[in-house]
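One structure is given below, encoded as structure tokens.
The values are calculated or read from the model by the stated rules, or taken from the named source; none is laboratory data. From a predicted model like this one, the values you see are computed outputs, not experimental measurements. We place every Cβ from the backbone using ideal geometry, glycine too, and count neighbours over all the protein chains shown.
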Ligand code: C2O
């Protein structure tokens, strides 16, 4: 592979959307941020220079970072943040991955404006396992707030209540014609008839899973999370924050007498308030309007599933299967060394009334919290990876993350009473090459809610999912160990469970969290610590000299 250099200058930039101008944190003044384009096997050297007052850290979401955990990016997990006036070079090689991923800030809520696509082409001369597209284009979904998102989350954490929701969804930073003052800010895809286009879809929204559809055109899904799948056709797809998907769009063979909306709006399972708006882009056949200048073309709208259509989501996710052929085998761990059962969900913490001005707007005068196995994760003040590497973990983290919930959990559809969670900075320690099976069960304590869980440093196989209580005697009999989908972010179904398997072949400290940013802020996160193997090529590389200090 080649080495590719990028410069990310973090600076403030005035950006106007919905008639509101605000100063936002950007990379190189761009919103959304610049694309990274590389080939499988390439090395990336990305110099991030922080010119803003905020602490900064960038995560390369979905990149496996084999042995290069120092470049993964989550603040206080693998590195201390890059302080104002400082810089850090992220140095990593893309091994065994091709498709679409994305980069985003991984500190506080800065990823609301700091994000951009990562496009990984196959190695030179290696074709796609599907017809070569005429053109490729990324569509990155995001959320726009008229107010400062840092203030939104800090206020929510202060008061214990839910944060304000976004004012718009966006595609490539553009809200589209259904919002105030936004008709000029509409994503337009110009296509030619009779061609195939590859759309690289990325959900970089903070808090919302999205349905996406293009009127009168079906899409063929060819990969998810930068792993090829068995292609299938659909009119609508569901994409959770942290998920990416490559889809083929086949255009009509003749100029149609219409334009077509591309719409995205949320899939909502929780009970809180949410942004119930719709972002629209327009697909138009290039040259058509010019041929008929007198005629205004009608615009067709797609039908999207209803907001809480869990059965659509279930049917859709069941169709996702690995290619599992000789060129792209599915290396599903068959023999399991260690099994874990994690409950994931929302809960509450007692209100801390001795802080002045604290109003405790959470449920029943408490504060919102979220937890895994009743542990609400507390961010440390120094990076876990450094403390581990230097053998200075004492007082930073505990290696005793519970393998199963502290309070036995029984999903009956009626919320149990044990809403209180405990706080802690705890990790699971795994010897190198442990094969892991993890069941994640939605607790539905404050209402059944889908949680898109993201694991850093690994892809995992989604071997099973279901509703109600996971049954350890019955459900594993139906696991798919042949061609389960391989990915880095999976929705734990609302009121249900999901089973994943992965091989812990990557030494380092790896964050796992709900990719709904508000749930991460409330503590729905933990970390896996994978120890070095015995062989030299099974060890974490030494830290780079410019690694930021806390
Ligand atoms: Cu895309 Cu830890 O995140």
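Scanning the range 245-262 for residues that are at positive phi, in contact with a strand residue (DSSP E or B) (Cβ under 8 Å, 6 or more places away or on another chain) and crowded, with 21+ Cβ neighbours inside 10 Å turns up nothing. For the range 225-237, a residue qualifies if it is within 13 Å of residue 318 (Cα to Cα) and either within 16 Å of the ligand (Cβ to nearest atom) or surrounded by 23 or more Cβ atoms within 10 Å (Cβ to Cβ) (or both), and exactly one does: 229. Looking at 242, 270, 281 in this structure, which one is within 16 Å of the ligand (Cβ to nearest atom) and either closer than 24 Å to residue 514 by Cα or buried (at least 19 other Cβ atoms within 10 Å of the Cβ) (or both)? The match here is 242. The set of residues in the range 82-108 that are buried (at least 24 other Cβ atoms within 10 Å of the Cβ), assigned to a loop (DSSP other than H, G, I, E, B) and within 16 Å of the ligand (Cβ to nearest atom) contains only 106.
When the test is whether a residue is crowded, with 23+ Cβ neighbours inside 10 Å and within 30 Å of residue 128 (Cβ to Cβ), residue 222 does not pass it.
Quick one: count up the residues across the range 109-123 that are within 16 Å of the ligand (Cβ to nearest atom) and not in a strand (DSSP E or B). Selection size over the range 109-123: 6. When residue 360 is tested against (1) under 26 Å from residue 497 (Cα atoms); (2) touching a strand residue (DSSP E or B) at 6+ places or on another chain (Cβ under 7 Å); (3) at pLDDT below 95; (4) assigned to a loop (DSSP other than H, G, I, E, B), exactly one condition is not met: (1). At least 3 residues being free of Cβ contacts under 8 Å to residues at least 60 places away in the same chain and touching a strand residue (DSSP E or B) at 6+ places or on another chain (Cβ under 9 Å) is the threshold, and among the strands (runs of 3 or more DSSP E) wholly inside the range 9-52 those reaching it are 43-50. Inspect all residues belonging to the range 506-518 and state whether any of them is more than 16 Å from the ligand (Cβ to nearest atom) and either surrounded by fewer than 23 Cβ atoms within 10 Å (Cβ to Cβ) or at negative phi (or both). Scanning the range 506-518 turns up at least one residue that is more than 16 Å from the ligand (Cβ to nearest atom) and either surrounded by fewer than 23 Cβ atoms within 10 Å (Cβ to Cβ) or at negative phi (or both).
Filtered by the rule that a residue be buried (at least 23 other Cβ atoms within 10 Å of the Cβ) and either in a loop (DSSP other than H, G, I, E, B) or over 17 Å from the mean Cα position of the chain (by Cα) (or both), the range 53-63 gives 56, 57, 62, 63. Quick one: would you say residue 33 is closer than 29 Å to residue 180 by Cβ, within 16 Å of the ligand (Cβ to nearest atom) and modelled with pLDDT of 95 or more? Judged against the criteria, residue 33 is a match. Restricting 170, 159, 113, 149 to those that are touching a residue at least 60 places away in the same chain (Cβ under 8 Å), over 28 Å from residue 234 (Cβ atoms) and buried (at least 22 other Cβ atoms within 10 Å of the Cβ) reduces the list to 113. Residues that are more than 16 Å from the ligand (Cβ to nearest atom) and without any contact (Cβ under 8 Å) to a residue 60 or more places away in the chain within the range 426-466 comprise 464, 466, listed in sequence order. Got at least one residue in the range 288-302 being under 30 Å from residue 368 (Cβ atoms) and in a loop (DSSP other than H, G, I, E, B)? Looking through the range 288-302, none of the residues is under 30 Å from residue 368 (Cβ atoms) and in a loop (DSSP other than H, G, I, E, B).
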